[in-house]
Amino acid sequence: MMTQSTASDLLLIVEDDDALRTRLEKAMARRGFDTLTAPSVATGLSQIDANTPAFAIVDLRLPDGSGLDVGEARQQARPKARAVVLTGFGNIPTAVAAAKIGAVDYIAKPVTADEIHDALMAPPNELPPPPDAPMSPEEAQWDHIEHVYHQASNNVTHAARLLNMHRRTLQRILRRHNVPTGTP
């Protein structure tokens, strides 16, 4: 949905989850942005070529590649544009890559529209506040294990090798979190 806009209030939302993309579009429009949306890297790149938005919300993982590619194109097209990278699978290397392409914040899902808006509108040199409810070490460990397991195509043996742990240990952890492993 794009209304008449000025270049200074145009926001691109690149998110493959249709429901989240629609909710963000409506929420950010209520906050004064004119919005463009894209469900993929290819569509996001096309939107940047055609419109050079001043703001962007980009999901890290998209069906046809990395949202970082969209962020990099945004940075090249409009260096002063402000972008936030959203992710359900955060890690330090992608956070560093997001910073290198000019993202003003790297936010883990779930996230509220207010948190995104605050990150986009924060003064350039202002540091974000610490999270209200940071992850516990156990939650961070489980998130990492789950991420690696899914990256290994839900193959317990391959994931265990990547995690440098015994296969049976990984099976027990997955079972404890009610993740089906395909083995009894």
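What follows draws every value from the coordinates through simple rules; no lab data is involved. Note that the structure is predicted; figures quoted are calculated from it, not measured. Here the Cβ positions follow ideal geometry from the backbone for every residue, glycine too, while neighbour counts run over all protein chains shown.
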Exercise for review: Beta carbons within 10 angstrom, averaged per residue: use that to sort the peptides 92-99, 9-16, highest first.
Suggested key: 9-16, 92-99
Practice item. Amide H neighbours of Arg61 under 5 Å, at least 5 residues apart or on other chains, H built in the peptide plane: list them. Key: Gly67, Gly88
Check your understanding: Kirkwood Rh, segment 26-102, all Cα pairs: how many Å?
Key -> 12.6
**Study point:** For the chain, calculated [θ]222 nm from helices alone, where every DSSP H run of n ≥ 4 adds -39500 (n - 2.57)
**Key:** -14000 deg cm²/dmol
Review point. Mind listing P(r) for the chain? All alpha-carbon pairs, 5 Å bins, whole percents.
Key: 1, 8, 16, 18, 17, 13, 10, 8, 5, 3, 1, 0
**Study point:** Set of lysines near Lys80 by C-alpha distance (under 18 Å), chain-local residues within fewer than 8 positions excluded
**Key:** Lys100
Study note, to complete from the structure: Given Cβ charges of +1 for Lys and Arg and -1 for Asp and Glu, the option among Gln75, Pro39, Pro110 whose Cα lies farthest towards the positive end of the dipole of segment 7-121 is Gln75
Practice item. Using DSSP, restrict attention to beta bridges with both residues in the chain and report what percent are antiparallel, rounded to the nearest 5. Key: 10
Check your understanding: What whole number of Å gives the distance from the Cα centroid of segment 140-179 to the Cα centroid of segment 41-73?
Key -> 31
